[in-house]
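Worksheet: the structure to be examined is printed underneath.
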Amino acid sequence: MKRQKVRKFLLLVSFLLFPITLYYFSPVLIIEGGFSGIVTGSLLLFAAQFVLSLVFGRAFCGWICPSGGLQECCCSQVVDKRVKSKKVNWIKYIIWAPWLLTIILAFLKSGGLKSVDIFYMTDHGISVSGLMELIIYLFFVALITVLALTVGRRGMCHSICWMAPFMILGSKIKDKLGYPSLHLEADSEKCVQCGLCSKNCPMSLEVAEMVRTGQVQNSECILCGECADRCSKKAIKLTFGSSRRYGKVKTN
């Protein structure tokens, strides 16, 4: 479990730094900058998330996302319930598609890319430096908290996260092409169907069912390794390399 202690420490640190990094995750500032032809820090971050997901999948979500830090390290201590409906997963795509189209149209209207400003709208790189920024910060903290407490574990990640589709797309590409990357592997013959992997998955995935098939892949998987670390039989492992299928599928 040492790996999980490190992971949750990184998530907590990321959340504590959220007042500094808030604007680097802003979906609004990308559009605002786009109408002036400015490539903002948040646009660069989202582009980097997609590129990195081609190798590491959604590991950003599982290891260093500030929203994930709030939801796992704080909200889960108050209410920790599984997300039951898969329908909430579609909300983020309904948000993401028109938002992405708006970004493209904004840059087209401004005549294309004109400049790069990593610290766009920040105070020397710091996002929260005044009353208005503090209100915006508290709004997002409240929103993330409410979703986690009502929708379930990592409710925001499932429902409205505008960053997730970038990484889901990258994950699907790497899984489809099968080149060396970070991924989960399962040996169904070692599984004793204890259910601990599913019970402890921070994304409320039915990991045990995927293990039965020997193929642990899901677009909502954040590659946190919680399932692997909880499995006493080592039926699941988080590894880097070419993905392959283990064991025979159980029929019982």
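Numbers for the structure displayed
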quantity	calculated
Complete set of residues in the range 142-181 that are in contact with a Gly (Cβ under 6 Å, 6 or more places away or on another chain) and buried (at least 18 other Cβ atoms within 10 Å of the Cβ)	Leu147, Ala148, Ser171
Hits in the range 27-55 - residues which are touching a strand residue (DSSP E or B) at 6+ places or on another chain (Cβ under 8 Å) and not in a helix (DSSP H, G or I)	Gly37, Ile38, Val39, Thr40
Count of residues meeting criterion [surrounded by fewer than 14 Cβ atoms within 10 Å (Cβ to Cβ) and touching a Leu at 6+ places or on another chain (Cβ under 6 Å)] in the range 73-105	1
Residues located in the range 28-49, provided they are buried (at least 17 other Cβ atoms within 10 Å of the Cβ) and under 27 Å from Arg153 (Cβ atoms)	Ser42, Leu45, Phe46, Gln49
Those residues of the range 205-249 which are at pLDDT 95 or above and on the phi > 0 side of the Ramachandran plot, in sequence order	Leu223, Gly225
Search result, residues across the range 200-215 that are touching a helix residue (DSSP H, G or I) at 6+ places or on another chain (Cβ under 6 Å) and surrounded by fewer than 18 Cβ atoms within 10 Å (Cβ to Cβ)	Asn200, Glu206
Within the range 139-171, considering residues that are outside any helix (DSSP H, G or I) and of a type outside the set (D, E, K, R), the one farthest from Ile64 (Cα to Cα)	Val151
Qualifying residue in the range 106-117 (condition: under 23 Å from the mean Cα position of the chain (by Cα) and in contact (Cβ under 8 Å) with a residue 40 or more places away in the chain)	no
Single residue of the range 230-244 satisfying the filter (surrounded by 16 or more Cβ atoms within 10 Å (Cβ to Cβ) and small (Gly, Ala, Ser)) that is nearest to the chain's Cα centre (by Cα)	Ser243
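Rundown of residues vs (1) over 13 Å from the mean Cα position of the chain (by Cα); (2) without any contact (Cβ under 8 Å) to a residue 24 or more places away in the chain, yes/no style:
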site: Arg3; (1), (2): yes, no
site: Arg7; (1), (2): yes, no
site: Tyr23; (1), (2): yes, no
site: Val28; (1), (2): yes, yes
site: Gly33; (1), (2): yes, no
site: Gly41; (1), (2): yes, no
site: Val55; (1), (2): yes, no
site: Gly62; (1), (2): no, no
site: Gly68; (1), (2): no, no
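Results for (1) over 22 Å from Ala164 (Cβ atoms); (2) part of a helix (DSSP H, G or I), shown as yes or no for each residue.
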residue: Leu182; (1), (2): no, no
residue: Ala186; (1), (2): yes, no
residue: Cys191; (1), (2): yes, no
residue: Cys194; (1), (2): yes, no
residue: Pro202; (1), (2): no, no
residue: Met210; (1), (2): no, yes
residue: Cys221; (1), (2): no, no
residue: Ser232; (1), (2): yes, no
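The values are calculated or read from the model by the stated rules, or taken from the named source; none is laboratory data. Since the model is a prediction, treat every value here as computed from it, not as a measurement. Every residue, glycine among them, receives a Cβ derived from its backbone with ideal geometry; neighbour counts consider all protein chains shown.
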